[in-house]
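Working notes for the structure below.
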Amino acid sequence: MEIKAVKFRRDGFYSQPFVFGGEEGMDRFDRAVRYRGSLQNYLIDTGSEVILVDTGLPAGTPEEVPTEESMLYTGKNI
């Protein structure tokens, strides 16, 4: 079996409060800390079948314009 990521957005990020879910209160996390992120689908080749796992972002969804207040940014289209 072979699994490949098919990236379609790059250079995205997720803020620390978003990543940790704000479970302890949003003030307990640093909004300035950002973790790299991207969006991808997955192609799974089982040898007898090829399966595309769609991660759910609709085709044609416009790119966001991130700001300092953005909790997440899905990135630029590839």
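Only the coordinates and a few stated rules stand behind these numbers; no lab work does. All values derive from a computational prediction rather than experimental measurement.
The table below lists the values:
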item	result
Globularity ratio of the chain, using Cα Rg and 2.2 N^0.38 Å	1.36
Sum of -39500 (n - 2.57) over DSSP H runs of 4+, divided by residues of the chain (222 nm, nearest 500)	-500 deg cm²/dmol
